[in-house]
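Input: a single structure, listed below in structure tokens.
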């Protein structure tokens, strides 16, 4: 069965420190895409980063990077130099099948950044 | 600027009533989606459409319907609202861009529905 698992309901990190949010996935399809979204308290969904299953390098977008370990089926989000504005819910999602835009989401991780 | 809007933003209704949530996008995207967000479940796909007159059931489609009569709109109807349908509903749209490795889904602001 295709599934996304986020095992950390909540995480705390001090400002300016790095933090890793875990995401594991389950699929037998060799072609898939992985996304991370941020949902601040205002409720909107903000796209952060994407990783394709055939991408050779880990994706990076500014302070966000994706630690993609295909053999372990994990796609952890790393936020470097955390800021107070990073406090939010973070969702990992998988696109399946690859040639569609259907997404399945994990249950999310609530990140709180403290001064 | 192109955008995706949802209305109403908040709705309170009674069990058994029919409710329609509107979604309108000006991206001119062919692909549109409805999700519901509940604590402990993340976002779950209700229905989706890949173009005018095309509709498909998602993971949690029971009790919901959609219709697509134009590119811009995908209204979501709850035929007979139930308390289990109390949730936050998100509409999203996406499009395949030439040369793009992925299609980003753009989400609306959400509609908070309470069924009493």
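The values are calculated or read from the model by the stated rules, or taken from the named source; none is laboratory data. Computed from a predicted model, the values in this text were never measured in an experiment. Note that we place each Cβ from the backbone using ideal geometry, even for glycine, and neighbour counts take in every protein chain shown.
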Residue hits (region B:51-72; surrounded by 16 or more Cβ atoms within 10 Å (Cβ to Cβ) and closer than 24 Å to residue A:44 by Cβ) are B:58, B:60, B:64, B:66, B:68, B:71, B:72
Being away from chain A (no Cβ under 11 Å) and more than 15 Å from residue B:107 (Cα to Cα) narrows B:79, B:59 down to just B:79
How many residues of region B:14-50 are in contact (Cβ under 8 Å) with a residue 60 or more places away in the chain, under 18 Å from residue B:3 (Cα atoms) and crowded, with 18+ Cβ neighbours inside 10 Å? The answer is 7
Among the residues of region B:84-107, is any in a helix (DSSP H, G or I), under 26 Å from residue A:42 (Cα atoms) and modelled with pLDDT of 95 or more?
yes
The residue from B:95, B:59 that alone is in contact with a strand residue (DSSP E or B) (Cβ under 7 Å, 6 or more places away or on another chain) and in contact (Cβ under 8 Å) with a residue 60 or more places away in the chain is B:95
The strands (runs of 3 or more DSSP E) lying wholly within region A:13-102 that contain at least 3 residues that are surrounded by 14 or more Cβ atoms within 10 Å (Cβ to Cβ) and either facing another protein chain (nearest Cβ under 10 Å) or over 10 Å from the mean Cα position of the chain (by Cα) (or both) are A:33-39, A:46-52, A:88-95
Test: residue in region B:82-91 that is within 15 Å of the chain's Cα centre (by Cα) and at the interface with chain A (Cβ under 8 Å from one of its Cβ atoms): yes
Subset of region A:11-45, residues within 26 Å of residue B:113 (Cβ to Cβ) and touching a strand residue (DSSP E or B) at 6+ places or on another chain (Cβ under 6 Å), comes to A:35, A:37, A:38, A:39, A:40, A:45
Exactly one of B:5, B:111 is under 27 Å from residue A:89 (Cβ atoms), within 14 Å of chain A (Cβ to nearest Cβ), touching a residue at least 40 places away in the same chain (Cβ under 8 Å) and surrounded by 20 or more Cβ atoms within 10 Å (Cβ to Cβ), and that residue is B:111
